[in-house]
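Please read the structure below before turning to the comments.
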Amino acid sequence: MSADIASTRRMDGLDVLRAFAILGVLVFHAPAVIHDAVPLPVRFAFAHGWMGVDLFFVLSGYLVGRQVFAEDGEPPLGSRLRTFWLKRWMRTLPLYFVVLAFYALKPWTVGTPFVGGGWHYALFLQNFTMPRDFVQSWSLCVEEHFYVVLPLLAFALGGRRWPAWAWLAPMAVSVVARWLFSRNLPADLPVTGLSTFAPWSTELHLDGLGIGVFLARTAPTWRSWSRHRRTACALAGVGVLALTVGRYGAIVTTSSHVWIFAGLAVGFGAVLVGIESLQLPRGLRWGVYQTALLSYGAYLWHGLLVRVVERLGTSLGAWGLDLFVYLALTLGVAWVTYVTVEKPCLKLRDWLLTRGALPPGVLSP
């Protein structure tokens, strides 16, 4: 499928947010040769890139929630659940396990251990410990747990008929969970000391997913707003983000992280409302679309590629060139595995749905 054809089925505004999120994560984890060379203002901006993960959570909650609430008809519960999980897991699991295999084979391929690796990575339970290798997979655990629970709530328990505010409950759960978590931490514990706890467990990071599902549930309302009203909503979201970052800073400390994720979720959610209908110029659309398309692979691979770059220890003599090469290398590897792993699995998924007499478009990503 060509980029032009695919882009007509996508929403430019959501692609902009997805591209922004992955670039933020990549620059946050950029190799030391880049971080040490960039000017101080740029380094300060890079230090906030981890927030791209929270933007991904809002996008995921919205996109998957939109699929759930847009479904027509009342097929049998088993058929609904089977279709949903087949769609989600054929999209996320194949490449995850390919990358996980690279980490598991590190002792034989590069001579370094898979630190903390074990069976729990295959079951997406590593975020209940403190992952020390393949660290970025903690957020995939949160996503996969979300994929298990959401259809049960929406289909089995009739959540599609619940009032919209009920879908804000996950944010309340996480705020309370973080308060309990923070209260039980030793006084003056440094960030590095968190390795003995589990600050990435699922119940602590439901804010963005809850906001995203809430936006999907209320989409018929806010999509009818005027352009000026939605722009005002986006500006308000930027204000919430600025206040949140200004209050808590770039680093999540043990004494101030209770509300930061809720603030980021609300801010990013408001920005999503404002720019979802954005239409990019044709010249910008292709690059944004490609970056968004490759964001999943780039997220999974970038940890390994950062290590490769740091072990090589080479530099082109200018941090801008080094950054360009790092980003191009990461997106390039993501493109290779998109073509060889993700795309064939998506075709297989559609074939399985067709073979099961289920419309391929139902709950499609």
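Below are the figures for this structure:
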{"read-out": "Subset of segment 41-81 [assigned to a helix (DSSP H, G or I), open to solvent by 30 Å² or more (accessible area, probe 1.4 Å) and farther than 15 Å from Tyr147 by Cβ]", "value": "Pro41, Val42, Arg43, Phe44, Ala45, Trp50, Phe69, Ala70, Leu77, Gly78"}
{"read-out": "Unique residue being touching an Asp or Glu at 6+ places or on another chain (Cβ under 9 Å), over 30 Å from Val245 (Cβ atoms) and outside any helix (DSSP H, G or I) when the list is Pro113, Pro94", "value": "Pro113"}
{"read-out": "Yes/no for Leu272 being without any contact (Cβ under 8 Å) to a residue 60 or more places away in the chain and part of a helix (DSSP H, G or I)", "value": "no"}
{"read-out": "Residues (open to solvent by 70 Å² or more (accessible area, probe 1.4 Å) and acidic (Asp, Glu)) located in segment 282-336", "value": "Glu310"}
{"read-out": "Yes/no for Gln279 being open to solvent by 30 Å² or more (accessible area, probe 1.4 Å) and part of a loop (DSSP other than H, G, I, E, B)", "value": "yes"}
{"read-out": "Segment 335-365 - residue that is outside any loop (DSSP other than H, G, I, E, B) and among the aliphatic types (A, V, I, L, M) and, of those, modelled with the lowest pLDDT", "value": "Leu353"}
{"read-out": "Number of the condition not met by Ser224 [criteria: (1) open to solvent by 30 Å² or more (accessible area, probe 1.4 Å); (2) within 22 Å of Phe69 (Cα to Cα); (3) in contact (Cβ under 8 Å) with a residue 40 or more places away in the chain]", "value": "(3)"}
{"read-out": "Hits in segment 82-101 (condition: under 21 Å from the mean Cα position of the chain (by Cα), surrounded by fewer than 19 Cβ atoms within 10 Å (Cβ to Cβ) and touching a residue at least 40 places away in the same chain (Cβ under 8 Å))", "value": "Trp85, Leu86, Trp89, Arg91, Pro94, Val98"}
{"read-out": "Restricting segment 4-31 to residues that are modelled with pLDDT under 90, assigned to a helix (DSSP H, G or I) and in contact with a helix residue (DSSP H, G or I) (Cβ under 9 Å, 6 or more places away or on another chain), the residue that is most open to solvent (accessible area, probe 1.4 Å)", "value": "Asp4"}
{"read-out": "Scope segment 97-110; condition in contact with an Asp or Glu (Cβ under 9 Å, 6 or more places away or on another chain) and closer than 20 Å to Glu144 by Cα; matching residues", "value": "Tyr103"}
{"read-out": "Yes/no for Glu310 being out of contact with any Phe, Trp or Tyr (no Cβ under 9 Å at 6 or more places or on another chain) and among the acidic types (Asp, Glu)", "value": "yes"}
{"read-out": "Some residue of segment 104-120 being open to solvent by 50 Å² or more (accessible area, probe 1.4 Å) and within 22 Å of the chain's Cα centre (by Cα)", "value": "no"}
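The values are calculated or read from the model by the stated rules, or taken from the named source; none is laboratory data. Keep in mind that what you see is a predicted model, and the values were worked out from it rather than measured. Virtual Cβ from ideal backbone geometry, glycine too; neighbours counted across all protein chains shown. These area figures cover heavy atoms from the full protein model, side chains too; ligands, DNA and RNA do not enter into them. Shrake-Rupley method; radii C 1.70, N 1.55, O 1.52, S 1.80 Å.
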